[in-house]
Every structure is written in structure tokens, then in C-alpha cells.
1. Mean-square fluctuation check for the chain, GNM, Cα pairs under 10 Å: which of SER355, SER371, SER276 is largest?
2. Extending each Cα 7 Å along its Cβ direction at GLN369 and ARG24, get the distance between those two points in nm, one decimal.
3. Using alpha-carbon pairs under 8 Å, 6+ residues apart, how would you state the relative contact order of the stretch 4-145 in percent?
4. If I fit a long axis through the Cα atoms of helix 243-255 and take the longest principal axis of the Cα atoms of the chain, what angle between them do I get, 0 to 90°, rounded to 10?
5. Quick check: the angle from helix 66-81's long axis to the longest principal axis of the chain, C-alpha only, nearest 10 degrees?
6. Please arrange TYR177, TYR330 by how many other C-beta atoms lie within 10 Å of their C-beta, fewest to most.
7. Calculate the all-directions average of the projected area of the chain's alpha-carbon convex hull, and give it in nm².
8. Farthest toward the dipole's positive end in the stretch 4-145, which of SER67, ALA11, ILE93, given Cβ charges of +1 (Lys, Arg) and -1 (Asp, Glu) about the Cα centre?
Amino acid sequence: MSKRSNIIRRAQADVLAARLAEPRRRIQVVSGPRQVGKTTMVQQVVESLTMPCRSVSADEPSLRDTSWIAQQWDAARLQVQSSAGAVLVLDEIQKITGWSETVKRLWDEDTKARRRLKVVILGSAPLLMAQGLTESLAGRFEVIALPHWSLTEMRMAFGFSLKDYIFYGGYPGSAEYVGDHHRWQSYVMNSLVETSIARDVLLMTRVDKPALLRRLFDLACRYSGQELSYTKMLGQLQDAGNTVTLAHYLDLLEKAGLVRSLHKYAGDVARQRSSSPKLQVLNTALTSASAGISMSDATFDPAYWGRMVESAIGSHLANAASMGTCSLFYWRNGRHEVDFVVQRGRKLTAIEVKSGIAPRPNQGMTQFQSSFSPHRSLLIGGDGITVEDFLSKPVEHWVA
């Protein structure tokens, strides 16, 4: 883990530094799943600035309330008076009830007084952060989204190979445990998954069937990369619930940075939303840890490893979609399918993954090309683009 302190999310760090250097003022909101380096990245950026910075966290044993925000804000204002500007960083701010209303009041006071105080806020509960932003701070903030770590980042920081990344995924905090599978699995499931579900979902929004939500997460991990109708999901979950509830719970799990449901591409929004979803984890560590299978057993089973490879490709694309880089779908017509359809602006890219699973005759790409005329069609694996090459480059490189 010693290398981690030397690595920052370079692209997002450059964006944050550039925005803080601009004359105009916007609250900078750094968002993303748990344990993806939000706090580390922000601290490394503010340490590189020439203007004074005040960085504080509400994640302390003592009780915090909105008066604490005002106290920290006033301290930062004093730094503005003696300089050309200053930065205030408020971490774990979602832990203070009513934080967004207080931030709005203080921000508007500074705007009226023309104080050159720049503000960065970040927190580990995406649902609560989003709620506060939309309710109180509309028009006052910009978001810098941090996805799960990529193959390139895990390789630079921890020396991960392609196989390491496919199996262990992109959680930097878990990297030191990869030599002890039981400890690694325990860390992912207890420190990451359980914390995300218990604190970021169940405590932040109304969930009438928490046991169903947990089983749905397990199902999404088990069937990552596969299309599964809501009816089949209910059957697998042995629940008499309805499809609206499942769709809502999948949305909550996506906002917590865990899994995502992909809709069938149809060229029509209404038809896409009504389709059976394709389940996709946002980090392959979730699949490996929930399955309880060792890396040696996973690589020994060609069918299972092939699904892991497809899931790694899907998570790479899904993380880009979560950041707003593109929209992500799948396509199927009877037995014919295209694994992933990426839409960026008015351009479509069709992607087929050849993962080593037994060859299957598939005319899906030909049918899709005939129906939708994609800008680009890509084959990943086999005699196409290598899996390592695809995962080593940002999605924008392939779909621009």
C-alpha cells in the first residue's frame, strides 16, 4: 500500500485543480462509491495550490451539527481576507443533518459579499449527497465523479496483472489482502459491501424489504453480464414482490456504486426502459467476493472465467456510463445479440466480447449493423482487440 499515497486520480485531479483556479465560483462536489480515493485526491490537489486551504471532516467521534459548518466557514473566510482567495474542503458532510441548507446560506452570503472563497464538498453516502444537492444547491455546484479504479491505476499503484484485475477488481483498499483470500473476501464483503448497503442505502432511503434488496445484490453479482427478466428475478429471489420494487432497488444499488442494470437498445426510450435488464457489477471484486471462489478455481473453470472477463469489460464500460461519458445498453433479437451498445452523442458503437467461452454462432452484430448502422463495431478478445488493451485505455478512446 506504500505506493498508494503517490497515486492520484490524475484526470479528475486536473479537472478539480483547473476549476479551483478559475475566477468564477462554483461549489465543487467530488462524488463516487466508497473507497475510490475521493479524500486522497482532494487532499493532494489542495496541497499543490498556492492559495491557503482549510480542510476539515465531519467524520469525528464528537457530535457535529450545522453550527460546526458555520464555524469552519468563518475560519476559512478569515483566510480570504489576507490573501487572493482561499479553499474550504468539507469532507463527510452528509453526516450533518441539514447540511445543504446551511451550505446554501453561507455560499449565498459569500456570493453577495463577493468573497473569493472556493468550496469543495465530498462524502461517502452518494444517495444522501445527491438529495442535498438537488434540494438546496441547484445551480450552485459542479460534480467531479470518481469511478472505480481502472486496470491502469491498479497496475501503477499495486502491480496488478490482467488476471489480478479481472478477479480482484478495482478497490485500492483491498489490494494489500490479495495474498490472503479469506481476509480479502472479508474486507470486500464487510468493509465495502455491507457498509455501502447498510449506511448508504438502508439508512438513507425507505426500503420496505431490506432482505430482498440484499438478495437482489447477491443475484446481480451471480448473474453479472447476463440478461435476466424481472419475472425470473422474482423467481430466483423467491419473493412475491413486483417489478417496480426490483427496478427501484436496482437503482438504489447503482447509486451506491455497486451494480447497474443495462437496458436493451431499441432506439426508443420507452421501449428501452420496459425491456428485461442485463445485470452488471461496477467492480468485479463484488462477483469474486460474493461467490467465495478462489482465483485458482476461477481460472481453472473456462466457462466461469469467461464470464468474469465479460463482466470486467462490462464494468469498464458501466463505470464510464456512470460518469456520464456515454450511455450503455445491450441488444438482443431472438437468439441474436450484441453484448454491449455504447451511445456517445449521436454515435453508436457495438461491442462483442469473445471471452473464451465455447464458440457460439451469432449473427447479432450483422443484424444490429443492418438495423442501426453503428459508427463503429468492435470485437474484444479472440482475433480482435485484446482484453488487456481494451481495459488499459479509457472508454472514450474506443467510442469517440
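1. Most flexible of the set in this elastic network: SER371.
2. Modelled inter-label distance: 4.3 nm.
3. Values: 206 pairs, mean separation 50.0, N = 142.
Value for the stretch 4-145: 35 percent.
4. 50 degrees
5. The angle comes out near 70 degrees.
6. Numbers: TYR177 18, TYR330 24.
Ranked by crowding around the Cβ, least crowded first: TYR177, TYR330.
7. Working: hull surface 82.7 nm².
Result: a mean projected hull area of 20.7 nm².
8. ALA11
Quick note: the coordinates plus some simple rules give every number you see, no bench work behind them. Every value quoted in this text rests on a predicted model; they were computed, and no experiment measured them. Backbone-built Cβ (ideal geometry, glycine too); neighbour counts: all protein chains shown.
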